[in-house]
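Report on one structure; see the data block that follows.
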Amino acid sequence: MIVLRLALKSLANRWLTALLTVAAIAVSIMLLLGVEKVRVGARQSFADTISGTDLIVGARTGSLQLLLYSIFRIGNATNNITWASYDEIRQQPEVAWAVPLSLGDSHRGFRVLGTTTEYFTRYRYRRTHALELVAGKPFDDLFDAVVGAEVAASLGYKVGDRIVIAHGLGSVSFVEHDDKPFRVSGILARTGTPVDRTVHVSLEAIEAIHVDWQGGGRVPGQAISADEVRKMELKPKAVTAALIGLKSRIATFRLQRAINDYPREALVAIIPGAALQELWGLVGIAETALAAVSWMVVATALLGLATMILTTLNDRWREMAILRSVGARPATVLGLLSAEAGLLTLAGVLLGTALTYVGLVVARPLIDRLYGLHLAIDPPTWGEIGTLAAIVLAGVIAGLVPAFRAYRLSLADGMTVRT
Amino acid sequence: MADRPGTTRLLEVEAVRYRWPGEAGFALEVPRLSLDRGERLLLIGPSGSGKSTLLALVAGIVAPLEGQIRVLGEDIARLGASARDRFRAEHMGVVFQMFNLLPYGSAVDNVLLPLSFAPKRRARVGSHLAQETEARRLLARLGLDASAIGRRRAADLSVGQQQRVAAARAMIGRPELMIADEPTSALDTETRDQFLDLVSGELAESDAGLLMVSHDAALAPRFDRVVRLADILRDGRSVPVPVAVP
Ligand SMILES: Nc1ncnc2c1ncn2[C@@H]1O[C@H](COP(=O)(O)OP(=O)(O)OP(=O)(O)O)[C@@H](O)[C@H]1O
Ligand SMILES: [Mg+2]
């Protein structure tokens, strides 16, 4: 139809403004979708921090606190579990495996975790991913340490380097276990979990460096050298927490209750998934703020669209008067203007969506490597498609307002087509 | 006077009152004005006297507060806005003083434009191919070589060329009435006379009427009848204009 062709020509004549409008909408759509992808990715990564573990056991405390210090290495345990209690839990018939965690020391701002080599085979993240070594091997010797990817990257460690562990958690500690240096025996691949920021040593090593300590300091005149300590029997008396795997998931709640009611010591057992959900509920306020910002950007882009149509109306209004003079109906005039707005919005939405996916494909490996954030490349969800359709509709409406104005003007101005 | 309505009578304005919206909007009252088929009427009056307003009423762009405006026997004052638009598309061709064309369209596009809104005019012209041929014929008739300018953007044409394209548009599909609001005011005397002769010739062939307004009485010899607006308005507030009647 000739009218449509002329409308397209008119649009082509304003291509620069039209292009900028489409670009503004596209950018806002990219932001909206990008934020959504990152939000979902972050939530998923967060929920995927630890999997495959059925219970985390620690001394009685809040479940969030236990999750924070045992998995996220944030905060401190106020109490430990005695080795006897840990041993008893481990012996329960439902328990398939147990990995002890001993925390409390640090290395240049990174936490030191005393554990067993089973930790490396039992710990799972992103549902099924197991820890992998990019270099070296798990600890073998008493003074071997396996460092997380970020520890290695930020301190520049390679296998064979000597490191000294500090007593306590300060990043600048004056009390160091410098008489018993460790050797980096392995470096873990990046996981995007707190494992990356952890120095792993054996449970015995934790005992060894504290053998001549009492309370917060070294016992004077009783120094035991690294060689002497090797000959000693290093049996831990307590651990900070433990990861428990069950033979069957069905037993989870029963064992959890049993541990919570453990008579000889005040203990608590948490289910990691549930605790993670609870924690995300607290962190999730930020995601709402982020989503609000991206919606405002979309609103700005649509306002820009309405403004663009309004400003070009001065020229177009003559067009409208001419169309009316040859018999175009109000619906035609309104339709042309709002169709134009709808077309520009649609173009912006499609372009923005396409660019989002291109951006995802390009940036995903980088984001995964730098931040350990795994972004999924899925087709848009129905929710997202609905949102995008609503935005196109909003574009049509944004065009309808100036269109009404144009039509009213073209009516009121009668035969006079002015400049 | 209205003895044979619907046969030779093309336009009949009776007791029309109109006022532009807004405070102290310009008001006008026309007791009667008529035009026969094939007749060419020149309406003259000074600037601001209401010529364009009257044409807007006749074209059905605005509706009168009172009175009748019968075109081909149909009282368009009683039609709704969108029915008036449709009626205008079928039966009238309109030429403005300036800015008649969609600047991005070619001359041929602009001539063909009304056919999109007027099925009867379209049917009269014929097939798609015939439409294009007719547009070119009309342009040629008005002294424009369509093969030279037909594909150029209308905005690139000279004012005189644009006015001729607008006239061709007003005549395609042979509507019964052509309404022109000072279409020659931007043209020099020679171009103006040539323009009017060409339009008159083409209109005569389809027995279409022409209602044209101007403030320029010098156009009078080229019309069948000349009317001073002051003479047809109820209170002839406007100053009398000297008229050279043929
Ligand atoms: N669209 C409009 N809205 C309100 N008032 C209008 C409009 N168009 C014209 N008028 C008023 O109507 C009066 C007559 O204007 P009109 O355009 O009909 O005069 P005209 O005789 O055509 O003048 P000109 O020879 O300068 O074109 C003027 O006072 C003008 O202010
Ligand atoms: Mg006028």
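Throughout, read-outs are computed from the coordinates displayed, never taken from laboratory work. None of these values were measured; they are calculated from a predicted model. Here the Cβ is made from the backbone with ideal geometry for all residues, glycine too, and neighbour counts use every protein chain on show.
Observations on the model:
- With a 10 Å cut-off around each Cβ of B:60-66, the average count of Cβ atoms from other chains is 2.
- Counting only alpha carbon atoms, the long axis of helix A:15-47 and the longest principal axis of chain A meet at about 20°.
- Order of B:LYS120, A:LYS180, A:LYS237 - criterion: other Cβ atoms within 10 Å of each residue's Cβ, fewest first: A:LYS237, B:LYS120, A:LYS180
- FRET efficiency, B:ALA83 to B:ARG151 (Cβ-Cβ, R0 41 Å, nearest 0.05): 0.70
- Ranked for footprinting exposure by Cβ neighbours inside 10 Å, fewest first, B:VAL108, A:VAL151 give B:VAL108, A:VAL151.
- For region A:221-297: rounded, prolate or oblate by the Cα gyration tensor [a/c cutoff 1.5]: oblate
- With at most 13 neighbouring Cβ atoms within 10 Å, loop GluC sites (Glu not before Pro) (DSSP) excluded, longest segment of chain A: A:234-419
- With Cα atoms, 0 to 90° folded angle of helix B:128-141 axis to chain B main axis: 70
- Near B:VAL95, the amide H atoms lying under 5 Å from its own belong to B:ILE179, B:ALA180, B:ASP181; only residues 5 or more places off or on other chains count, and H is placed 1.01 Å from N.
- Modelled label reach - A:TRP97, point 7 Å along Cα→Cβ, region A:22-66 residues with backbone N closer than 18 Å: A:49-57
- Chain B - percent relative contact order, Cα under 8 Å, separation 6 or more: 28
- Beta bridges per DSSP with both ends in the protein assembly as shown, % antiparallel, nearest 5: 65
- Using the Cα coordinates of region A:1-67, the gyration tensor eigenvalues translate into equivalent-ellipsoid semi-axes of 56, 11, 7 Å, sorted from longest to shortest.
- Which listed pairs, of A:LYS158/A:LYS231; A:LYS9/B:LYS51; A:LYS137/A:LYS247; A:LYS180/A:LYS231, have C-alpha distances above 23 Å, in listed order: A:LYS158/A:LYS231; A:LYS9/B:LYS51; A:LYS137/A:LYS247
- Kirkwood Rh and Cα Rg combined as Rg/Rh, chain A: 1.23
- Calculated FRET value between A:GLN44 and A:LEU20, using beta carbons and R₀ = 25 Å, to 0.05: 0.10
- Across region A:327-342, computed HN-Hα scalar couplings (Karplus, 6.51 cos²θ - 1.76 cosθ + 1.60, θ = phi - 60°) run x, 5, 7, x, 4, 5, 5, 4, x, 4, 5, 6, 5, 4, 4, x Hz from first to last residue, x flagging Gly and Pro.
- Relative contact order %, region A:55-270, counting alpha carbon pairs below 8 Å whose residues are six or more apart: 33
- For region A:227-272 versus region A:1-70, the gap between their alpha-carbon centres in whole angstrom: 40
- All Cα pairs of region A:282-411, percent lying beyond 22 Å: 52
- Per residue, the convex hull around the alpha carbon atoms of region A:55-270 comes to 123 Å³.
- For region B:155-213 and region B:38-64, distance of Cα centres in Å: 16
- Modelled this way, with points 7 Å down the Cα-to-C-beta line, the labels at A:GLU228 and B:ALA218 are 12.6 nm from one another.
- Restricting region B:22-126 to chymotrypsin sites (Phe, Trp or Tyr not before Pro) that sit in a DSSP loop and have at most 13 other Cβ atoms within 10 Å of their own Cβ leaves B:PHE26.
- Computed from Cα positions, the angle between helix B:81-91 and the longest principal axis of chain B comes to roughly 60 degrees.
- Rg over Rh, two decimals, region B:9-240 (C-alpha only, Kirkwood Rh): 0.96
- Between A:ALA289 and A:VAL134, the simple spin-label model (points 7 angstrom out along Cα→Cβ) gives 3.2 nm.
- Length gained on full extension, A:ARG5 to A:PHE404: 141.5 nm, using 0.36 nm per residue less the C-alpha separation.
- Pair B:GLN68, B:ARG124: separation of 7 Å Cα→Cβ label points (nm): 2.4
- Counting only DSSP beta bridges with both residues in region B:9-240, the antiparallel share comes to about 50 percent.
- Chain A, relative contact order in percent, only Cα pairs under 8 angstrom and at least six apart counted: 25
- Exposure proxy ranking for B:SER47, A:SER102, based on other Cβ atoms within 10 angstrom of each Cβ and starting from the fewest, stands as B:SER47, A:SER102.
- Close amide H pairs (under 5 Å, H built 1.01 Å from N) link A:ILE163 with A:PHE182, A:ARG183, A:VAL184, residues at least 5 positions away or on another chain.
- Derived scalar couplings ³J(HN,Hα) [region A:90-100; Karplus, 6.51 cos²θ - 1.76 cosθ + 1.60; whole Hz; x for Gly, Pro]: 4, 7, 4, x, 6, 7, 8, 8, 9, 10, x
- Neighbouring partner chain Cβ atoms per residue of A:325-337, average, 10 Å criterion: 6
- Neighbouring Cβ atoms from other chains, within 10 Å of the Cβ of residues in B:81-88, number 4 on average.
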